Amino acid sequence: MGRKFRIIDDDRSGSISYPEFEKLIGEHTLNWTSEQTKAVFDSFDKDKSGTISYDEFLGALRGEMNERRQQLVLQAFEVCRML
């Protein structure tokens, strides 16, 4: 996912701007309207900064962690803390 993010980030700013996102959608021939593209971009841009950070990108693709995944992460941190 990191590689894809870097490919999308044409200007190497560390975040994806709307024009970069729009170009990505166009290159993948998804046939989205401008309104659909903007709506998806806005849903990725959680902090409403006008760009999509790597964390926002990953969060949008992965989704929220379910209870089982949250417990596994907490257990992993607990094990590391004990070391």
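The values are calculated or read from the model by the stated rules, or taken from the named source; none is laboratory data. Here the structure is a predicted model, which is why all the values come from computation and not from measurement. Note that each Cβ is placed from the backbone with ideal geometry, even for glycine, and that neighbours are counted across all protein chains shown. These accessible areas exclude ligands, DNA and RNA; they are computed on the full protein's heavy atoms, side chains included. Shrake-Rupley method; radii C 1.70, N 1.55, O 1.52, S 1.80 Å.
Quick rundown of the values:
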| item | result |
| --- | --- |
| Residue within the stretch 44-53 that is part of a strand (DSSP E or B), out of contact with any Gly (no Cβ under 8 Å at 6 or more places or on another chain) and surrounded by 15 or more Cβ atoms within 10 Å (Cβ to Cβ) present | yes |
| Residue in the stretch 53-73 that is under 21 Å from Phe5 (Cα atoms) and polar (S, T, N, Q) present | yes |
| Members of the stretch 6-25 that are out of contact with any strand residue (DSSP E or B) (no Cβ under 7 Å at 6 or more places or on another chain) and in a loop (DSSP other than H, G, I, E, B) | Asp10, Asp11, Arg12, Ser13, Gly14 |
| Any pair with Cβ under 9 angstrom, 6 or more apart, that starts in the stretch 9-22 at a residue that is hydroxyl-bearing (Ser, Thr, Tyr) and ends at one that is open to solvent by less than 20 Å² (accessible area, probe 1.4 Å) and assigned to a loop (DSSP other than H, G, I, E, B) | Ser15/Asp9; Ser17/Asp9; Tyr18/Asp45 |
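Conditions (1) in a helix (DSSP H, G or I); (2) surrounded by 11 or more Cβ atoms within 10 Å (Cβ to Cβ); (3) in contact with a strand residue (DSSP E or B) (Cβ under 9 Å, 6 or more places away or on another chain), marked per residue:
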site	(1), (2), (3)
Lys4	yes, yes, no
Leu30	no, yes, no
Ala60	yes, yes, yes
Glu78	yes, no, no
